[in-house]
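Below you'll find the structure, written out as structure tokens, and then a few comments.
The values are calculated or read from the model by the stated rules, or taken from the named source; none is laboratory data. Keep in mind it's a predicted model, so treat the numbers as computed, not measured. So basically every Cβ, Gly included, is an ideal-geometry build from the backbone, and we count neighbours across all protein chains shown. Ligands, DNA and RNA are excluded from the accessible area calculation, which covers all protein heavy atoms including side chains. Shrake-Rupley method; radii C 1.70, N 1.55, O 1.52, S 1.80 Å.
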Amino acid sequence: AAIEALAHVAAHDRLTGLLNRGELLNQLDSRLTRRARRGDRLAVLFCDVDNLKAANDVLGHAAGDAVLAAVGERISRTVRGTDLVARVGGDEFVVVAEGLAEAEEALSIAARVHELLLEPVHVAGIEHLVAASIGVVTVAPGGLRSANDLLAEADLAMYRAKERGRGRVEVFQEELRARAADRMSTEAALR
């Protein structure tokens, strides 16, 4: 029982009970391998909670943690039972959906998550408004990708959603990687 408890703690986020980044990467790698054999489509959704800083600043970090726990629970009940849900950073969540017939199914999942997160979260008797900026990347049948690459691409799409006004869903496009590389190069040159 102690070994099982330690294994659970090592693989899950303490606050939300969702998978942590390390376990997400492990499970995503095995799903990518399985998907390559089956030939179906897989999607990664990278969700960043907008307005969490306001909850932390006004109500304190315990209230911010309650908002994060509520967001994690909402995402978990919005997605399909076979989808992976993880908290990978402070206010960042990832959903991995496999077995998709069309890329549009990933956008449908992202839209459901986005809609559910628009509902206010009640913490300490105060209604807190949250939203999410969501980046989506899909892998077509036959496409070989690594878990780290997919997370990075979904993260780039999420930052594009934030740049365009937050509370949006954006799909990864290769130009986002080129823009990020150009920005990094410019910052290094300026420094």
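Calculated mean residue ellipticity, 222 nm, the chain: -17500 deg cm²/dmol, from DSSP H runs (n ≥ 4) at -39500 (n - 2.57) each, averaged per residue and rounded to 500. Using Cβ point charges alone (K and R +1, D and E -1), the dipole size of the chain about the Cα centre works out to roughly 320 debye. Looking at the stretch 100-142, the GluC sites (Glu not before Pro) that sit in a DSSP loop and have at most 14 other Cβ atoms within 10 Å of their own Cβ are E102.
Dipole magnitude for the stretch 94-191: computed about the Cα centre from +1 point charges on Lys and Arg Cβ and -1 point charges on Asp and Glu Cβ, it is near 400 debye.
When the chain is modelled as a GNM with alpha-carbon springs shorter than 10 Å, which of A69, A55, A180 fluctuates the most? Highest fluctuation of the listed residues: A180. Based on the alpha-carbon gyration tensor of the stretch 110-191 and its eigenvalue square roots a ≥ b ≥ c, which shape applies: rounded if a/c is under 1.5, prolate if not and a/b is larger than b/c, or oblate? It comes out oblate by the Cα gyration axes. Taking the chain as a Gaussian network of alpha-carbon nodes connected by springs under 10 Å, the highest mean-square fluctuation of the residues G22, G135, G167 belongs to G22.
For I134, I126, I3, give me the order by solvent-accessible area with a 1.4 Å probe, most accessible first, ignoring ligands, DNA and RNA.
These residues rank, largest area first, as I3, I126, I134.
Here the accessible area is traced with a 1.4 Å probe on the protein chains. For the stretch 1-79, carbon and sulfur cover 55 percent of it. Which of rounded, prolate or oblate describes the stretch 44-163 when judged by the alpha-carbon gyration tensor and an a/c cut-off of 1.5? Verdict is prolate for the stretch 44-163. Between the listed residues A132, V71, H8, the Cα displaced farthest toward the positive end of the dipole of the chain, a dipole computed from Cβ unit charges relative to the Cα centre, is found at H8. Per residue, the accessible area of the stretch 41-191 comes to 48 Å², computed with a 1.4 Å probe over protein heavy atoms only.
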